[in-house]
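What follows is a single structure, written as structure tokens, with notes after it.
The values are calculated or read from the model by the stated rules, or taken from the named source; none is laboratory data. All values reported here derive from a predicted model rather than from experimental measurement. Neighbour counts run over all protein chains shown; Cβ positions are idealised from the backbone, glycine included.
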Amino acid sequence: MATAMQQLIDIAAPYWDAEAEIARRFYKTAKPEDHAFYLRAQLWKELNPVDGFFNGLHRELTKAVADFPRVGKTIDRHDYLFLLQQLVSEYNHFVMLADILEHVQGRKLTKRDLRQLPQEKKLGDIRRQYVTRGGAIGKAAVGFTEGGGSALFRVGAKLKGSAINQMTAKAMKIIWDDEKDHYIEQAKIAAKLIKTRKDMAAMQQAMIDVSLQRVWMRNEMFREPMKAAEVEAFIARRTKTLAGPE
């Protein structure tokens, strides 16, 4: 399974690296209005990812309340505690990023500030399709690629300089610490499903479809610091490097 896990990580890594490069380029020149633009989109993502794998914070909280009577019967109390901790963690991420947006805008946040961008909508559609129609392999691919290997948060945690950067670094470091191991756990789940070459091919295709769309989503969110041709060339180089000598 270790070999399959590493194969999956190597497939996803070029796309995660592209997300990191987009973030690095953005933060080097970002003005306050640029921070506001991406934060509005990121905050929407924090609350509203309805894709069949995670169904938005409000819906997940509502489901958790409805499931409470089943704890100790059909739901293990430890599993339920883990769910609650995850939901609190997700809401904490929203709160920290919302604080930064309010600082940038100089006013209180309103619901109208949260915006779903076109590439984010397309990403949700692709993820939902794999979760609902792709079987166990499709769902596992979505779980594994969720978060893009935390590439954005890894980059953001290293920011220095302005007050906006310092606030961002503090929030991103907390989010990074919360999520940095998620992809490993999901890789274990995905690797267990791979029994044949056909399974690996199906997993790889789903991962690439989702991961590439994540890159386009992130590039749009960060106001396109990389042109499409640059993105494609960057991913191709990283893919070739990880593949090693022929």
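Before moving on, here are some points about what is shown:
- Residues satisfying the stated conditions in the stretch 146-173, i.e. under 15 Å from the mean Cα position of the chain (by Cα) and β-branched (Val, Ile, Thr): 155
- Considering the stretch 68-88, and only residues there that are surrounded by 14 or more Cβ atoms within 10 Å (Cβ to Cβ) and not aliphatic (A, V, I, L, M), the residue that is nearest to residue 173 (Cα to Cα) turns out to be 86.
- Positions within the stretch 97-141 being touching a helix residue (DSSP H, G or I) at 6+ places or on another chain (Cβ under 9 Å), among the aliphatic types (A, V, I, L, M) and under 27 Å from residue 200 (Cα atoms), in sequence order: 123, 126, 131, 137, 140, 141
- Verdict on residue 38 being aromatic (Phe, Trp, Tyr), crowded, with 21+ Cβ neighbours inside 10 Å and under 25 Å from residue 98 (Cα atoms): yes
- Flag not set for residue 23, criterion: part of a helix (DSSP H, G or I), of a type in the set (Gly, Ala, Ser), within 30 Å of residue 242 (Cβ to Cβ) and at pLDDT below 95.
- Selection count where residues are touching a residue at least 12 places away in the same chain (Cβ under 8 Å) and assigned to a helix (DSSP H, G or I), scope the stretch 51-104: 24
- Qualifying residues in the stretch 111-145 (those that are under 17 Å from the mean Cα position of the chain (by Cα), closer than 19 Å to residue 94 by Cβ and assigned to a helix (DSSP H, G or I)) - the one modelled with the lowest pLDDT: 124
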